[in-house]
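Undergrad: Next up is a structure, given as C-alpha cells.
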Amino acid sequence: MPPLRRSLPAVWRHGVRVATAPRDIPEEMPLALTFNRETYAVMMGTPADLEDFAVGFALTEGIVARTDEIVTLDVLEHAQGIELRIDLDASRLAALTRRRRRIAGPTGCGLCGIDSLAEAVRSPAVVGSDSSVTAADIAQALRAMEPLQVLNAATHALHAAAFWHPVEGIVALREDVGRHNALDKLAGALARMGRSAADGIVLLSSRVSIEMVQKAAAIGAPVLVAVSAPTAHAVRLAEAAGMTLVAVARRDGFEVFCGEQRIRAEAKAHVA
C-alpha cells in the first residue's frame, strides 16, 4: 500500500469557502508485529520501510540482540492492516516467552496498554562510545536532514529519524506518523546495512520522550539531537545511559541537557 493518499479537501479562508485543492495525506494503519505466530504488539504506523521497522523494533525492544537471530521476516497484507511476521531462532523465542509483554501503541505513543510499569521505564543500555561532535556538525546534520524528509514535505504530517556521519553525511533517514516508529525504522535500516550508530548523530524531528532515549541507547547512539524539547524523565534516562542529549535544535543553536563533554568547541578535520 502506498504511504500517501491524494485527498481533495474544501478550503476555507476568513470564514468563506474559496476552493477545493488536492492535498497528499499520510496513510495510517495497524501494523501487527508477530513473533512465531503470536502477536506481540500492534502499532499504528505508515506503510513504508516495513522490513526496517520490524527489524528495528525487535532490536530496540530487546527481543533480539542481533539480526541473525531473526530466521524469517514476511510482510503480509490483510484486510484490516499489515502483519510483520517474524520467526525467531529457538533461544530468542524462549527468552521472549519469559519476558512476555503486550502493547498497543496509537500514533505518538509507544507504551499505551503496557502490562508492566517497570518495563515502561526500564533502564537503557549504557552507551560506550566516546565519539564527539562540534556545534558546526550539529548544524550541518540538521540542514542535511530537512530536504530528505520527502513524505513530510508532501504532507506536513510525518516524523523523521536520521543518522548523520561526519564524513558521509546522512547515511539513512526514515519517516512515519509515529516518532518511535520512525526511530525503529532507522534502527532497522542501520542494522540491515551493517552500520553502527556509535560514530555519528541520531537526529529526531520530534520531541524526546523516554522510549526515544531507550531506543537510541539500544543502538549505541552517543549523541541524540532533537528539534523539540525532552521530557524530564528522558533527560534522566539519557544521563543514566551516558548519552549526550541535545534538543530544541534550531539553525541558530541548540540546548545540551546532558553529556556536554561530547560537544567540542572547535571543529577538527575529518579523515576519510
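Undergrad: Inside region 210-224, can you point out the residues that are among the small types (Gly, Ala, Ser) and closer than 14 Å to Trp164 by Cβ?
TA: Ala216, Ala221, listed by residue number.
Undergrad: Could you grab me the full set of residues in region 153-170 that are in a loop (DSSP other than H, G, I, E, B) and more than 15 Å from Ser132 (Cα to Cα)?
TA: His156, Ala157, Leu158, Glu168
Undergrad: How about region 217-236: which of its residues are touching a Lys or Arg at 6+ places or on another chain (Cβ under 9 Å) and either within 11 Å of Ala247 (Cα to Cα) or modelled with pLDDT under 95 (or both)?
TA: Val223, Ala226, Val227, Ser228, Ala229, Pro230, Thr231, Ala234
Undergrad: Test of understanding: among Ala197, Ala249, which residue is in a loop (DSSP other than H, G, I, E, B) and either surrounded by 15 or more Cβ atoms within 10 Å (Cβ to Cβ) or on the phi > 0 side of the Ramachandran plot (or both)?
TA: Unique residue meeting the criteria: Ala197.
Undergrad: Among the residues of region 25-44, count how many are under 18 Å from the mean Cα position of the chain (by Cα), over 21 Å from Asp87 (Cα atoms) and assigned to a strand (DSSP E or B).
TA: Qualifying residue count for the region: 3.
Undergrad: Being at pLDDT 95 or above and among the small types (Gly, Ala, Ser) is the requirement here; does Ala48 meet it?
TA: The answer is yes for Ala48.
The values are calculated or read from the model by the stated rules, or taken from the named source; none is laboratory data. Bear in mind the structure is a predicted one, so any value in this text is a computation, not a measurement. Heads up, the Cβs are rebuilt from the backbone with ideal geometry, glycines too, and the neighbour counts pull from every protein chain shown.
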